[in-house]
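Asks: Sharing a structure, written as structure tokens. Questions coming.
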Amino acid sequence: MTRQVGGATDVPVVDPAMRRPAAPTGPVAVWRVLEYLLLTWRRVWRGTVFSGFVAPLLYLGVMGYGLGSLIDRPGQASTLGGVPYVAFIAPGLMAVTAMQTSVGEASYPVLGAIKWQRNYHAMLATPVDTVHVVVGHLTFIILRAVAGAVVFLAVGGLLGAFASWWSLAAVPAVALLSLAYAAPMYALSTRAENDVPFGLVFRLVVIPTFLFAGAFFPTSQLPRAVELVVQVLPAWHGVELCRDATLGTGSPAGIALHVAYLLLWAGGGLWLALRGLRRRMVV
């Protein structure tokens with residue numbers, strides 16, 4: 001588009017309708033990343049129903065009520081403090097399921113967005129920055145874990161596994177546990193050249209944690225040395241937080257310790273994730 005000046009020279013001018021839109025602010029840019037991931041998940045959520053929703057409920061039914069009918073027999077010595085086994089196992093299952101979801105969503109999808117589908121390349125070609133990508137993707141992962149926890153709470157409540165409305169306090173505990181696992185796993189994914197590290201993480205970290213983090217039995221039943229190792233895991237702190245919420249058994253000092261430890265993992269993982277994606281994607 002040109003404009004005549006002084007009757008002689010055509011001076012190019014910019015049509016206001018063709019001007020490049022201003023770069024989005026931080027929250028708006030994060031929302032754009034999150035919106036894309038939510039729209040994508042809307043098309044594929046059916047493939048996550050079993051692992052995210054059905055499988056934990058099957059564990060609850062088979063172990064909470066099946067095995068629980070043997071553990072809760074009258075006269076049977078109990079190490080659960082008089083708590084029905086289904087009420088003991090339900091918050092633990094909710095926590096370790098959130099851990100599994102978070103690790104899974106921060107592994108293959110992140111490496112795929114970097115190396116295979118290159119979704120991050122498209123995002124970073126816009127005014128979106130790496131910090132927006134990381135925060136938006138981690139927010140999506142937390143929402144996935146929280147959605148699973150809410151469904152589990154609703155169905156578990158109908159089955160009698162959760163007897164108090166205070167059980168809703170387990171939802172923020174699940175969100176914090178999700179970030180404590182998703183952020184470090186995201187950081188690992190930004191540095192991975194292939195999917196080999198993921199298999200090692202699933203086999204050597206996720207599965208043992210699922211079994212030994214206190215979801216199915218008190219960790220006090222383990223040898224003392226093993227118990228100390230288990231208590232270093234963020235999952236153990238998440239399980240204890242969820243159980244404190246659903247059973248009302250936690251002390252303020254104990255809850256504060258669990259929260260602080262999970263925040264330490266979440267904060268360190270987030271710093272590494274931001275640093276890793278910037279080094280990988282920004283030349």
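Throughout, read-outs are computed from the coordinates displayed, never taken from laboratory work. Predicted model only: the values in this text are computed from it and were never measured. Neighbour counts run over all protein chains shown; Cβ positions are idealised from the backbone, glycine included.
Asks: Relative contact order for the range 145-283: what is it in percent, counting Cα pairs under 8 Å that are at least 6 residues apart?
Replies: It comes to 40 percent, rounded to a whole number.
Asks: What percent do you get for the relative contact order of the chain when only Cα pairs under 8 Å and 6+ apart count?
Replies: Normalised by residue count, the contact order of the chain is 24 percent.
Asks: Dividing the convex hull volume of the Cα atoms of the chain by its residue count, what figure in Å³ per residue is obtained?
Replies: 170 Å³
Asks: Let a ≥ b ≥ c be the square roots of the eigenvalues of the Cα gyration tensor of the range 146-229; is it rounded (a/c under 1.5), or, if not, prolate (a/b larger than b/c) or oblate?
Replies: Judged from the Cα gyration tensor, the range 146-229 comes out oblate (a/c at least 1.5, b/c at or above a/b).
Asks: Which residue, Pro208, Pro252, Pro218, tops the fluctuation ranking in a GNM of the chain built on C-alpha contacts under 10 Å?
Replies: The residue with the greatest mean-square fluctuation here is Pro252.
Asks: Tell me the volume per residue, in Å³, of the convex hull enclosing the alpha carbons of the range 186-264.
Replies: Measuring per residue, one finds 113 Å³ for the Cα hull of the range 186-264.
Asks: Taking the Cβ of Ala161 as the center, what net charge do the other residues with Cβ under 15 Å away carry, scoring Lys and Arg +1 and Asp and Glu -1?
Replies: After counting each charged neighbour, the total is 0.
Asks: Relative contact order (percent) for the range 100-152, with alpha-carbon contacts under 8 angstrom and 6 or more residues of separation?
Replies: 44 percent.
Asks: Name the most mobile residue of Gly238, Gly47, Gly156, meaning the one with the largest mean-square fluctuation, in a Gaussian network model of the chain with Cα contacts below 10 Å.
Replies: Greatest mean-square fluctuation among the candidates belongs to Gly47.
Asks: Scanning the chain for helices, which whole DSSP H stretches are 27 Å or more long along the axis (Cα) and average 1.0 or more by Kyte-Doolittle?
Replies: Going by DSSP H runs, the hits are 85-105, 130-158, 170-191.
Asks: Give me the net charge of Ala273's neighbourhood, meaning all other residues with Cβ under 14 Å from the Cβ of Ala273; Lys, Arg count +1, Asp, Glu -1.
Replies: +3
Asks: Could you state the number of Å between the C-alpha centres of the range 215-282 and the range 152-212?
Replies: After rounding, the separation between the Cα centres reads 10 Å.
Asks: Just Val239, Val174, Val201 to compare: in a GNM of the chain, with alpha carbon springs under 10 Å, which one fluctuates most?
Replies: Looking only at Val239, Val174, Val201, the largest GNM fluctuation is found for Val201.
Asks: Rounded if a/c is under 1.5, else prolate if a/b is larger than b/c, else oblate: which is the range 39-155, with a ≥ b ≥ c the root eigenvalues of its Cα gyration tensor?
Replies: Taking the square roots of the gyration eigenvalues as a ≥ b ≥ c, the range 39-155 is prolate.
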